[in-house]
Amino acid sequence: MSNDDLNDAPEGATAGRPVVRLKPKAEARAIRHGFPWIYSDELVTDRRTSGLEPGALAVLEDGDRRPLGLVTVNVKSKIIARMLDRDPAAQIDEAWFAGRLSRALDMRTRLYDAPYYRWVHAEADGLPGIVIDRFGDLAVVQPNAAWAETLIAPLTAAIMAVSGVKTVVKNATGRSRALEGLAEETVVLAGSVDGPVQVPMNGAVYMADVLGGQKTGLFFDQRPNHAFAAALTKGARVLDVFSHVGGFALAALAGGAAQALSVDGSAAALALAVQGAQASGFGARYSVRQGDAFEVLEALGAEAAKFELVVCDPPAFAPAKPALEAGLRAYERIARLSAPLVAPGGYIVLCSCSHAVDLASFRNACARGLGRGGRRSQLIHTGFAGPDHPMLPQLAESGYLKSLVFRLD
């Protein structure tokens, strides 16, 4: 049999669909047990497979020609195939999307009393490469895989039908898109956007720029960590570094902090943070400082500034394994520079959203940095993303966020 014969479609319900096949030595067990990805070195890439358009649907077979399910294929990506449905005959249409979206929505409506949350967390919600954040009657979709880009119309229709959302924004930016060979763009697919969206969370009001902000405009994943930190802040002075649109600082002010200072490199994000503080009634207790985080930390140290709570929530210093060592050094440096700013008996929150950094390595880097900053510490809490960011147990990458809270002597 020639390699080209591998793509002959089976008879019956899946007739007409291309077939892709695992290499004979590729391990099919993990896929049968729920692992959703097939890497490029695991799949036979004959002429027909190589000719499939990015995002094409195909039936995946193991090396013995037994069907494993329906996958989407992108030969331009290291993740060459993603499992969509265990049924090889599944029809990926508006009704199929509605089923997945309804299942995800049911959990969020049980968890939250207002419609502001991560609605779809990609593979963990059965929609590989798709992220949807909900802001009331507006939803922001990130189609980070080629198949989602190809099927954005039925996905959009299902979003509106299932939830009653009136406005859908496509935010097609970021590293994941580049890895899929996809172009970047942000566009309103339905409805209209008049400006930043007000988001009530943890007693504060945040302003989300859904068209021009980072990611979808707001980071819902830190919500429980904001709340834990806020419980420590009654009467406290708070420093929130890498604060984006107010992050931990606004939650701390809602929790009774005496004052809060936000530091970020983005003037636009800080302007939204100020708007959020004013909308929350915290404007008089809130201030911002724009600049490089490392430089501002060094400057605050030179000023002998002290805070009862210091928070550092940086972007991913190690988004992939090649950056791991450099990323750990950066986390250690953040801890070292921040440690002297914490008043005796105060607290520091150190966060990582790097996929490549495991919890133990991150904890060790933070502990080294605090020690080199001259402080003795107690780890009192370890936090993760909120339940609207569920983990797929078979996919470690779906559990990326780590938040460590230390008390310093």
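Numerical summary
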{"quantity": "Residue that is farthest from ALA158 (Cα to Cα) [pool: residues in region 84-105 that are small (Gly, Ala, Ser) and in a helix (DSSP H, G or I)]", "calculated": "ALA104"}
{"quantity": "Candidates GLY217, GLY213, GLY203, filtered to the one that is at positive phi, buried (at least 19 other Cβ atoms within 10 Å of the Cβ) and not assigned by TED's automatic domain parsing to the domain that holds PRO154", "calculated": "GLY217"}
{"quantity": "Qualifying residue in region 192-210 (condition: over 21 Å from SER243 (Cα atoms), out of contact with any strand residue (DSSP E or B) (no Cβ under 7 Å at 6 or more places or on another chain) and free of Cβ contacts under 8 Å to residues at least 24 places away in the same chain)", "calculated": "yes"}
{"quantity": "Options ALA284, ALA304, ALA299: the member that is free of Cβ contacts under 8 Å to residues at least 12 places away in the same chain, in the same structural domain as ASN225 (by TED's automatic domain parsing) and at positive phi", "calculated": "ALA304"}
{"quantity": "Qualifying residue in region 328-341 (condition: of a type in the set (Val, Ile, Thr) and closer than 21 Å to ASP264 by Cβ)", "calculated": "yes"}
{"quantity": "Qualifying residues in region 380-400 (those that are touching a Gly at 6+ places or on another chain (Cβ under 8 Å) and within 21 Å of GLY247 (Cβ to Cβ)) - the one surrounded by the most Cβ atoms within 10 Å (Cβ to Cβ)", "calculated": "ALA385"}
{"quantity": "Given (1) at pLDDT below 95; (2) more than 18 Å from the chain's Cα centre (by Cα), index of the condition ALA178 fails", "calculated": "(2)"}
{"quantity": "In region 115-148, the residues that are touching a strand residue (DSSP E or B) at 6+ places or on another chain (Cβ under 6 Å) and surrounded by fewer than 21 Cβ atoms within 10 Å (Cβ to Cβ)", "calculated": "PRO115"}
{"quantity": "Checklist (1) surrounded by fewer than 22 Cβ atoms within 10 Å (Cβ to Cβ); (2) modelled with pLDDT of 95 or more; (3) farther than 19 Å from GLY99 by Cα applied to GLU185, failing item", "calculated": "(2)"}
{"quantity": "Residue list for region 59-106, restricted to those being within 30 Å of ALA204 (Cβ to Cβ) and free of Cβ contacts under 8 Å to residues at least 12 places away in the same chain", "calculated": "ASP106"}
{"quantity": "Residue, nearest to the chain's Cα centre (by Cα), within region 95-139, restricted to residues that are within 23 Å of SER77 (Cβ to Cβ) and of a type in the set (Val, Ile, Thr)", "calculated": "VAL131"}
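The values are calculated or read from the model by the stated rules, or taken from the named source; none is laboratory data. All figures in this text were calculated on a predicted structure; none of them were measured in a lab. When we count neighbours, we look across all protein chains shown, and the Cβ atoms used for this are built from the backbone with ideal geometry, even at glycine.
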